[in-house]
């Protein structure tokens with residue numbers, strides 16, 4: 001008898017707690033940037049600057065397999081975007097959350113702009129494939145499953161992020 005009286009308040013308390021947790025999850029701010037860039041060191045030579053840039057991953061689900069571009073600003077003019085070569089590890093931040101890149105830039109460079117393509121989350125094709133397989137749809141309706149999978153993208157949507165870094169003149173930061 002006593003257990004029956006307590007059941008209703010326990011259920012109400014659990015529902016309120018679940019609702020509060022859902023509201024907290026929705027209100028908690030998320031990082032809109034997948035990574036952060038900062039200048040670690042600048043070493044000036046006769047005609048060039050050797051700039052070391054640190055890239056820190058802020059979103060653990062972000063992958064950076066796309067081509068990377070760099071623009072330099074000399075005076076008030078932005079140069080043409082330069083496609084950076086493929087990295088030896090395959091892609092940026094492939095096996096780590098922090099990576100340093102070293103660039104040789106003209107001595108007059110005042111700033112540089114990085115443009116990176118990235119993807120967030122698992123592959124939609126794989127998720128759809130495993131969903132159909134797990135629920136037995138692919139065995140019962142193989143033609144329908146193939147048609148559905150043809151409509152699902154292979155990769156998550158490509159997103160772009162640009163970051164501009166000022167490069168101070170006349171200092172040997174971190175030399």
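Only the coordinates and a few stated rules stand behind these numbers; no lab work does. On a predicted model such as this, the values are computed, not experimentally measured, just so you know. Positions of Cβ are generated from backbone atoms using ideal geometry, with glycine treated the same way; all protein chains shown enter the neighbour counts.
Quick one: if the Förster radius is 22 Å, what FRET efficiency do residue 100 and residue 157 give, using the C-beta to C-beta distance and rounding to 0.05? Before the final figure, lay out the partial values.
Working: r = 29 Å, r/R0 = 1.30.
Calculated transfer efficiency: 0.15.
Ranked from highest to lowest mean number of other Cβ atoms within 10 Å per residue, what is the order of the peptides 69-81, 134-146?
Working: 69-81: 13.4, 134-146: 11.6.
So the order, starting with the most tightly packed, is 69-81, 134-146.
Once R0 is set to 35 Å, what does the formula 1/(1 + (r/R0)^6) return for the Cβ-Cβ distance between residue 123 and residue 47, expressed as a FRET efficiency to the nearest 0.05? E(calc), rounded to 0.05, equals 0.15. Site pair residue 146 and residue 107 shows an inter-label distance of 6.6 nm when each label is modelled 7 Å from Cα along Cα→Cβ. Taken over segment 115-156, the alpha-carbon convex hull comes to 47 cubic angstrom per residue.
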